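The next block holds one structure in the form of structure tokens; read it before the comments.
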Amino acid sequence: MRHELLLVLGVSLGASAVRALVSFAGVVTRPGGLSEQAANLNTSRAPDRPWLDLAWQLVSISTALVPVLLVAHLLLREYGYGGPDGRPGQRGMRLIGFDLTRPRFDLAWGAVVAAGIGGSGLALYLGAHAAGANLTVVPESLPEVWWKYPVLIASAVQNSVVEEVIVVGFLLRRLDQLGWSATGSLAASALLRGAYHLYQGIGGFFGNVAMGVIFVWLYRRWGRVMPLVVAHALIDIVAFVGYGLLAGRVDWLPTL
């Protein structure tokens, strides 16, 4: 189980954390303040050829989901009982509550969590940026083509599935099985979430650590990762699409 966990992290968010750390080291040693530099998400791969750009975007989104399929495969190999909610007879992704058995619950609570965390997260980002502790986050810089917003929505859903399935559901299940304490597991999950967002700056790190603590607490309470996937997807959709619609049109949104 320890090897499975390390390998899954090594091909997904663990590797992202290492890259984010190297990226952060680069920006803090570069002349100029953090807020004068940009963290670019959802960038164009071939701005002069929209069809090729779309192909690159779809390949990037789909291949990023492969570690989730690996998690599903590993969980299907478990023949024991008892997911985080204690119900017997579950296998596969149902062990972590990644299924469609409770859609109203997942959508309703996901929307509530997104509203709370999304609003406070935006306020924290604006404050950290104003204090010079965060890079200017550019959620999207795609060309104005017909597929722009569908790709941004797909990217948001991909981010939410990968992060919540791996850094909450799978990580906590394996740490529980390895005998970690609840406090240790919470700290590991929250710090990992903060680490792979470190490329955004100090504000991005601490903001995502706080989000990680809340998400782990909610997962322990509900025994389901699906409401967290919904919440994360809604937060990212608003951030990506909102930036595309508002950047340069309002004076409170930082841009470069």
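Kindly indicate whether any position in segment 5-21 is open to solvent by 20 Å² or more (accessible area, probe 1.4 Å), at pLDDT below 95 and either farther than 28 Å from S189 by Cβ or not in a helix (DSSP H, G or I) (or both). So far as segment 5-21 goes, no, none of its residues is open to solvent by 20 Å² or more (accessible area, probe 1.4 Å), at pLDDT below 95 and either farther than 28 Å from S189 by Cβ or not in a helix (DSSP H, G or I) (or both). Here segment 219-231 is the region considered, the condition is being part of a helix (DSSP H, G or I) and touching a Gly at 6+ places or on another chain (Cβ under 8 Å), and the residue that is nearest to Q158 (Cα to Cα) is V229. If G242 meets every condition in (1) assigned to a helix (DSSP H, G or I); (2) under 30 Å from L95 (Cα atoms) apart from one, which number is that one? All conditions are met except number (2). For segment 71-80, the condition of being of a type in the set (K, R) and either closer than 20 Å to G169 by Cα or surrounded by 14 or more Cβ atoms within 10 Å (Cβ to Cβ) (or both) holds for at least one residue.
Inspect all residues belonging to segment 136-143 and state whether any of them is under 30 Å from G33 (Cβ atoms), buried (at least 20 other Cβ atoms within 10 Å of the Cβ) and of a type outside the set (A, V, I, L, M, F, W, C). Yes: segment 136-143 contains one or more residues that are under 30 Å from G33 (Cβ atoms), buried (at least 20 other Cβ atoms within 10 Å of the Cβ) and of a type outside the set (A, V, I, L, M, F, W, C). In the set (1) over 17 Å from M226 (Cα atoms); (2) at pLDDT 95 or above; (3) outside any helix (DSSP H, G or I), the condition left unmet by L74 is number (3). Determine if segment 31-45 includes at least one residue that is over 24 Å from F240 (Cβ atoms), without any contact (Cβ under 8 Å) to a residue 60 or more places away in the chain and either surrounded by fewer than 19 Cβ atoms within 10 Å (Cβ to Cβ) or within 20 Å of the chain's Cα centre (by Cα) (or both). Scanning segment 31-45, I find at least one residue that is over 24 Å from F240 (Cβ atoms), without any contact (Cβ under 8 Å) to a residue 60 or more places away in the chain and either surrounded by fewer than 19 Cβ atoms within 10 Å (Cβ to Cβ) or within 20 Å of the chain's Cα centre (by Cα) (or both), so the answer is yes.
The values are calculated or read from the model by the stated rules, or taken from the named source; none is laboratory data. Being a predicted model, the structure only gives us computed values, none of them experimental. Note that we place each Cβ from the backbone using ideal geometry, even for glycine, and neighbour counts take in every protein chain shown. With ligands, DNA and RNA removed, areas are computed over all heavy atoms of the protein, side chains included. Shrake-Rupley method; radii C 1.70, N 1.55, O 1.52, S 1.80 Å.
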